[in-house]
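Worksheet: the structure to be examined is printed underneath.
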């Protein structure tokens with residue numbers, strides 16, 4: 001490296017703390033669940049300054065550049081001034097080995113003291129090309145929301161998130177902030193060797209486009225600049241990650257100019273991921289929260305798809321409405337039953353001036369309904385059993401040939417009860433199969449792992465004070481805590497059905513049995529022999545059905561769909577008596593289930 005720093009250069013207060021960069025460089029390169037975008041750079045022969053708007057940290061520079069024999073880039077230098085003290089830097093600096101303001105990568109590891117192993121987003125780099133013509137360098141990564149800081153104690157090496165096609169000239173781009181334009185000094189690299197004229201001062205800003213991915217040295221004296229485009233998206237650089245459970249997110253849109261700006265939002269599909277990364281199976285179904293309906297206190301929802309767009313008009317900076325909150329959600333109801341995998345896309349924000357493009361990654365996964373769900377059913381209807389008898393001309397009941405009154409009809413329709421009857425429901429799902437439980441234990445095992453168990457013996461005996469037992473007393477108790485398997489799936493719009501049997505001689509749970517009452521103990525007069533079914537107690541069979549509701553059309557219903565289940569509860573109770581004669585009763589109502597643990601394994605002793 002032959003270029004030497006100017007003698008006036010000193011360390012400047014860094015926008016990027018050293019430890020943050022080292023953590024990124026030294027961190028392990030694991031497969032990332034991300035959405036992908038390619039950023040191109042035109043690299044001139046010699047030196048070019050670039051600014052990275054994507055995060056390619058899934059790989060390293062040895063693979064990204066060194067592994068490509070057709071890539072002519074021989075060196076990459078990251079501008080990284082130390083944050084320990086605030087000192088002045090007055091003009092552009094050339095990279096130099098051993099400088100605390102630069103970190104470097106050199107092809108084949110030939111650089112002395114090289115410390116840069118991977119590229120990080122929202123950072124400026126000097127790259128050196130050995131080619132004799134311009135080279136288009138493409139970097140695939142996860143889009144990174146722009147995050148900027150500005151120093152007034154020296155000079156900044158910075159890039160701007162301008163549009164990819166037809167970027168504005170520098171003077172046009174700065175026309176919205178004339179105070180900044182009047183004091184700012186810009187330098188750019190022209191290719192070739194570093195020297196007194198490279199980087200060069202921009203004398204004619206109307207001839208220099210603010211190309212996306214191009215880095216400038218910028219100095220503004222004591223003027224603090226927060227303008228990097230007509231608007232800002234106040235959101236972390238990691239973007240919007242819904243995963244398989246989170247369904248709502250919010251961020252700020254801010255007008256940074258003294259004029260009115262309209263910001264448009266589009267959803268773009270992700271590019272294909274690099275080899276070894278998580279496949280992307282589609283774009284996530286997104287909705288944006290709208291106005292509040294004062295009648296039912298629900299928010300409207302606008303769908304955001306790859307064929308639609310949304311926009312907001314922001315008044316000038318400082319006026320009411322120039323800083324708004326946008327609530328974005330994933331439409332959980334739009335995932336089909338067979339949906340699986342990573343759904344990812346890019347939120348593309350542009351402005352009405354055609355200056356800026358901010359790309360924000362967004363991803364979601366279909367909800368996983370595995371875990372422990374606890375709730376209740378509310379029985380509000382019970383079937384009638386009303387007989388209608390045949391009457392003669394004198395309105396007297398007609399007696400049939402068997403000596404009984406002649407029945408013409410039986411009304412078994414459901415009718416409302418005066419007071420709803422509650423029933424606790426305990427359901428566990430492993431993601432595929434669900435079971436109904438009479439009791440469950442939730443706590444830590446002897447290895448301090450959180451578990452959901454059918455027996456207290458599975459818990460750490462020293463941590464029982466922090467554990468919980470949940471019981472549904474309306475289901476039969478069994479010593480081994482029997483569970484009842486559901487047919488069907490625990491999912492929005494799904495139906496679960498199971499049968500709970502209650503033997504007529506179950507002294508612990510059958511409600512018709514009273515162990516210490518001689519008329520209801522199922523024993524003969526000598527208290528020795530058990531009587532047959534129907535003599536003093538009945539056998540019971542309960543056919544229980546849970547039918548989950550479909551989603552409503554408002555914002556919360558669509559985004560929170562599947563985080564809890566509500567629906568229709570029905571139960572058919574069959575009583576068996578003497579000679580196995582049966583009578584059936586129906587009840588109905590509603591139910592709600594809430595997930596209290598995502599643990600998919602039900603531990604059994």
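What follows draws every value from the coordinates through simple rules; no lab data is involved. None of the values given here were measured: they were computed from a predicted structure.
List of remarks:
- The alpha-carbon atoms of the stretch 231-364 define a convex hull whose volume equals 128 cubic angstrom per residue.
- Value of D in µm² per second that Stokes-Einstein yields for the stretch 465-515, Kirkwood Rh from Cα pairs, at 10 °C (1.306 mPa s): 116
- Cα-based radius of gyration of the stretch 292-357 once divided by 2.2 N^0.38 Å, which approximates compact folds: 1.49
- Computing Rg and the Kirkwood Rh from the Cα coordinates of the stretch 453-605 gives a ratio, Rg/Rh, of 1.07.
- With coordinates expressed along the principal axes, the C-alpha atoms belonging to the stretch 343-473 extend over 92, 62, 28 Å, beginning with the largest.
- Whole-number D in µm² s⁻¹ for the chain, Kirkwood Cα-pair radius fed into Stokes-Einstein, 10 °C, 1.306 mPa s: 53
- Once you divide the Cα radius of gyration of the stretch 319-363 by 2.2 N^0.38 Å, the number left is 1.64.
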